[in-house]
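The values are calculated or read from the model by the stated rules, or taken from the named source; none is laboratory data. Since the structure is predicted, the reported quantities are computational estimates derived from the model, not experimental observations. A quick note on method: Cβ atoms are made from the backbone with ideal geometry, for glycine too, and the neighbour counts reach across all protein chains shown. What goes into the accessible areas is simple: the full protein's heavy atoms, side chains included, and nothing from ligands, DNA or RNA. Shrake-Rupley method; radii C 1.70, N 1.55, O 1.52, S 1.80 Å.
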Amino acid sequence: QEALSGSQIFSNSCAACHINGNNVVVANKTLKKEALIKYLKGYEEDGQGAIINQVTKGKNAMPAFKNRLTHEEIKSVAAYVYKQSEKGWQ
Ligand code: HEM
């Protein structure tokens with residue numbers, strides 16, 4: 001079976017709460033670069049690694065994905081989120 005792209009994984013697993021890089025649960029904690037710098041621990045030092053960490057473990061109302069996605073899928077969706085945040089989710 002062919003691997004899903006980061007964009008496909010985002011649509012399937014993340015977009016319900018993070019449509020267009022927003023956050024429908026905690027409005028200020030978006031996936032936009034400024035919010036990632038402000039709220040996501042380790043983002044400035046580690047970029048994608050900090051996203052992988054949060055997706056793997058979850059935080060507060062965000063579920064952990066370690067039993068829902070493979071590590072390869074988590075890396076792939078984190079790369080997509082990182083790229084989109086750099087592009088401003090255009
Ligand atoms: C926060 C990514 C799925 C709810 C975040 C953050 C990232 C992220 C990078 C940090 C943003 C920030 O602090 O500004 C993802 C990815 C997902 C996913 C890549 C899919 C694999 C979901 C889902 C939900 C959700 C399905 C809702 C059920 C939240 C909430 C926060 C958050 C509530 C804020 C957590 C807090 O600090 O209290 N997400 N997310 N996320 N996400 Fe997700």
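Key figures
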item: Residue in region 66-80 that is in contact with a Ser or Thr (Cβ under 8 Å, 6 or more places away or on another chain), in contact (Cβ under 8 Å) with a residue 40 or more places away in the chain and loosely packed, with under 14 Cβ neighbours inside 10 Å present; result: yes
item: Condition check for Thr56: near the ligand (Cβ under 10 Å from one of its atoms), among the polar types (S, T, N, Q) and open to solvent by less than 30 Å² (accessible area, probe 1.4 Å); result: no
item: Exclusive hit being open to solvent by 60 Å² or more (accessible area, probe 1.4 Å), within 9 Å of the ligand (Cβ to nearest atom) and not hydroxyl-bearing (Ser, Thr, Tyr), set Lys33, Lys41; result: Lys41
item: Flag if Phe10 is surrounded by 14 or more Cβ atoms within 10 Å (Cβ to Cβ), within 14 Å of Gln84 (Cα to Cα) and of a type in the set (Phe, Trp, Tyr); result: yes
item: Unique residue being touching a helix residue (DSSP H, G or I) at 6+ places or on another chain (Cβ under 9 Å) and at pLDDT below 95 when the list is Ala3, Ala78; result: Ala3
item: Of residues in region 17-30 being within 12 Å of the chain's Cα centre (by Cα) and among the hydrophobic types (A, V, I, L, M, F, W, C), the one nearest to the ligand (Cβ to nearest atom); result: Cys17
item: Test: residue in region 23-31 that is of a type outside the set (S, T, N, Q), touching a helix residue (DSSP H, G or I) at 6+ places or on another chain (Cβ under 9 Å) and touching a residue at least 40 places away in the same chain (Cβ under 8 Å); result: yes
